[in-house]
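The next block holds one structure in the form of C-alpha cells; read it before the comments.
The values are calculated or read from the model by the stated rules, or taken from the named source; none is laboratory data. Computed from a predicted model, the values in this text were never measured in an experiment. Using ideal geometry, Cβ is built from the backbone for each residue, glycine included, and neighbour counts are taken over all protein chains shown. We work out accessible area using only protein heavy atoms, side chains counted, and drop any ligands, DNA or RNA first. Shrake-Rupley method; radii C 1.70, N 1.55, O 1.52, S 1.80 Å.
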Amino acid sequence: MSIYFDNAATSNPKPPAVVEAVAGALTRFNANPGRSGHRLALEAGRVVLDARQRLKELLGAEDATGVIFTLNCTDALNLAIKGSLRYGDHVITTMLEHNSVLRPLNELAQRGRISLTTIPPRDNGFIDPGDIAAAIRANTRLIVVTHASNVTGAIQPVAAIGQVARENGVRYLIDGAQALGGLPVNVQALRCDLYAFPGHKSLLGPQGTGGLYIRPGIELYTLREGGTGTGSDSVLQPRELPERYESGTVNLPGIAGLGAGCEYVSGHLSAIMSHERELTAALYEGLSQMEGVEIYSPAEEAARAGIVSFNLGDFSSSQVADALAQEDIAVRGGLHCAPGAHRVLGTLRRGAVRASVGHANTFEEVEQLLRTLREISVAYRPTS
C-alpha cells in the first residue's frame, strides 16, 4: 500500500533500526539468552535486558524485572486475567473492550468459574469511574479497562478508575494496546497492578512481541511452566521475576527489534505524540466537513488516540475500505474485534471505517484520503 492508515492494527513502516536489530539477532548473536555462559549467549542476554530496561522506563515501572515478555498483547491479557482469578471471583469490565479481554472473561463466566459485570460507556463514549465503583461487590477481584478504545480512540479515565480500584482493594488491569508508545504512560500514577501492551503497534517493534507490567507484590498463577535457565535442579517453576512467567526460549529477534523500537520512541516520544495529534485533528476536521459522514471518535483532540472512525453515507464500512484499497490506501473496515463498542455505537451490522495514523504519516496523505473519500461518495453506490 502506498498510503497506510492501519497503524492501530500494526505500525508501518518500522524504523530502519528495528529491521537492523532483528537481522542482527539472527546473524551476530543467534544464541539462547540466559542459558549458557559463552559470548553469544551473554550478548543475547544483554539485548533482552536492554529491551526490558527501555520498557521499564517507558512504563514508569518500579523495577525492570516486573516487565514480562509475552507472545503479544493478547497473551499478556490472558496471563493477567487467568493468572488473577479464582473460582467464585467477580470481575468488572466495559463494553469498549477488545475481544482479547471479552473472550477470556466470557469463557470463564460461561464455565461458571466467575461472575462478570460489563459497564457501558456514558453517552459521551467514556466510562464513568462512578459506574465502576457502584458495580464493586465483596467478591470483586479484578477490574479490566482499555486505556484507549481501538474503535473510537477515546482515552478512558484510567487514572480515576485506578483510584477507585486502589481504594477498594481490587486488582486493576489496563489494556494498553492503543496507548503505550503513542500516549504518555506511568503505571504508578495510573495506580494499576497490571498493564498489558503489544510490541508491534505504537512501540514500532515486530509482530509476535508484547509484554505485561506486574506491580511489585502482585502474584499470578502461571499459564505455562518449563525451562527458565535458573533453578534447573527443581521440578517446580521458579518464583522469581521475570523467569516465573517466561518459560522456554524467548523471541530474541522480536525482542531485539522491540528494544530498538522502544529506543526510537523514547527519543522521539514528544514529537511523535504531537505529530499524530495534529494529523488526527486534520483528519477529523476534514471528515466533519464532508456531507454524509458520521464520525464516532471524540471531537476533543486531547480525548482521543490517533484513531478516527466513521461511516460514509449508506455504504457499509467494508465497501468504503475496499474502495480505498483499490486506490492504494489502507484502512480497516468492520468490527475491529470489539463487538460491544459497536453495539454502543449502533454499528454492529455495518461496522465502521477506522483510519489510524502513525509516526510516518503526512498531512499530504491525510488530504489524499479525504479527496478519495469524496470521490468514492460520488462514484460508488451501495449495493442492496
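Compared with the alpha-carbon gap, the fully stretched path from residue 65 to residue 249 is longer by 64.5 nm at 0.36 nm per residue.
Cross-link partners of residue 14 among lysines, defined as those whose alpha carbon lies under 28 angstrom from its own and excluding same-chain residues fewer than eight positions apart: 56, 201. The long axis of helix 158-167 is offset from the longest Cα principal axis of the chain by roughly 40 degrees. Put a plus charge on the Cβ of each Lys and Arg, a minus charge on the Cβ of each Asp and Glu, and nothing anywhere else: the dipole of the range 61-201 about its Cα centre is then about 340 debye.
Please say if the chain is rounded, prolate or oblate, where rounded means a/c under 1.5 for a ≥ b ≥ c the square roots of the C-alpha gyration tensor eigenvalues, and otherwise the choice is prolate for a/b larger than b/c and oblate otherwise? In terms of gyration-tensor shape, oblate. Using the Cβ atoms and a cut-off under 15 Å, what net charge is assigned to the surroundings of residue 257, where Lys and Arg are +1 and Asp and Glu are -1? In short, +2. With respect to the chain, whose longest principal axis is taken over its alpha-carbon atoms, helix 252-288 is tilted by about 20°.
Based on Cβ point charges of +1 for Lys and Arg and -1 for Asp and Glu, what charge dipole magnitude is obtained for the chain about its Cα centre, in debye rounded to the nearest 20?
Using only the charged Cβ atoms, the result is roughly 1120 debye.
Reported to the nearest whole Å, the Cα centre-to-centre distance from the range 198-260 to the range 291-340 is 35. Take every DSSP beta bridge whose two residues both sit in the chain; close to 50 percent of them are antiparallel. Summed over the residues of the chain and divided among them, the accessible surface reaches 43 Å² per residue at a probe radius of 1.4 Å. Working from Cα pairs under 8 Å separated by at least six residues, relative contact order for the range 1-72 is 15 percent. If R0 equals 22 Å, the separation of the Cβ atoms of residue 57 and residue 221 corresponds to a calculated FRET efficiency of about 0.20.
Computed from phi, the 3J(HN,Hα) profile of the range 200-207 under the Karplus parametrisation 6.51, -1.76, 1.60 (θ = phi - 60°) reads 9, 9, 5, 7, 6, x, x, 5 Hz, with x in place of Gly and Pro.
Amide H to amide H distances under 5 Å link residue 293 with 313, where only residues 5 or more positions off or on other chains count and H is placed in the peptide plane.
For the set 235, 22, the ranking by accessible area, highest first and with no ligand, DNA or RNA atoms included, is 235, 22 under a 1.4 Å probe.
Residues of the range 313-343 with an amide N closer than 17 Å to a point placed 7 Å from the Cα of residue 207 along the Cα-to-Cβ direction: 330-333, 336-337. Of the peptides 340-351, 362-373, the order by per-residue mean of other Cβ atoms within 10 Å, starting with the highest, comes out as 340-351, 362-373. So what is the relative contact order for the chain, in percent, with contacts set as C-alpha pairs under 8 Å and at least six apart? The normalised contact order for the chain reaches 24 percent. About the Cα centre of the range 1-135, how large is the charge dipole given +1 on each Lys and Arg Cβ and -1 on each Asp and Glu Cβ? Please answer in debye to the nearest 20. Using only the charged Cβ atoms, the result is roughly 600 debye.
Taking a sphere under 14 Å around the Cβ of residue 227 and counting the other residues whose Cβ falls inside, with K and R at +1 and D and E at -1, yields a net charge of -1. Could you pull out which residues in the range 272-287 have an amide N less than 16 Å from a spot 7 Å beyond the Cα of residue 327, following the Cα-Cβ vector? Of the residues in the range 272-287, 283-284, 286-287 have backbone N under 16 Å from the label point off residue 327. Quick one: Debye curve from the C-alpha atoms of the range 121-235, no solvent, what's log10 I(q)/I(0) at q = 0.10, 0.20 Å⁻¹? Log10 of I(q)/I(0), two decimals: -0.37, -1.13. The modelled label-to-label distance for the pair residue 35/residue 291, using points 7 Å beyond Cα in the direction of Cβ, is 6.5 nm. Structure remark: mean-square fluctuation, Gaussian network model of the chain, C-alpha springs under 10 Å; the largest value among 146, 230, 222 belongs to 230.
Over the range 1-134, what is the relative contact order in whole percent, taking alpha-carbon pairs under 8 Å and six or more residues apart? Before the final figure, lay out each step's value.
On the way: 100 pairs, mean separation 17.8, N = 134.
Relative CO of the range 1-134 lands at 13 percent.
Once you reduce the range 91-149 and the range 59-83 to the center of their Cα atoms, the two points are 19 Å from each other.
A Förster distance of 30 Å, applied to the separation of the beta-carbon atoms of residue 159 and residue 49, puts the FRET efficiency at 0.50.
I'd like the FRET efficiency for residue 188 and residue 266, computed as 1/(1 + (r/R0)^6) with the beta carbon distance as r and R0 of 22 Å, rounded to 0.05.
In this case the efficiency is close to 0.80.
With the highest mean first, a sort of the peptides 123-136, 63-76 on other beta-carbon atoms found within 10 angstrom per residue produces 63-76, 123-136.
Taking a ≥ b ≥ c as the square roots of the eigenvalues of the Cα gyration tensor, the range 289-371 is oblate, since a/c reaches 1.5 or more and a/b is not larger than b/c. Taking the C-alpha atoms only, the angle from helix 39-59 to the longest principal axis of the chain is near 50 degrees. Straight-line cross-link reach from residue 82 at under 16 Å between alpha-carbon atoms covers no lysines, not counting any fewer than eight positions away in the same chain.
Does the range 40-197 come out rounded, prolate or oblate by the C-alpha gyration tensor, with a ≥ b ≥ c the root eigenvalues, rounded set by a/c under 1.5 and, if not, prolate when a/b is larger than b/c and oblate if not? Judged from the Cα gyration tensor, the range 40-197 comes out prolate (a/c at least 1.5, a/b above b/c). Residues with beta-carbon under 10 Å from that of residue 4, excluding residue 4: net charge, scoring Lys, Arg +1 and Asp, Glu -1? Every neighbour counted, the sum reads -3.
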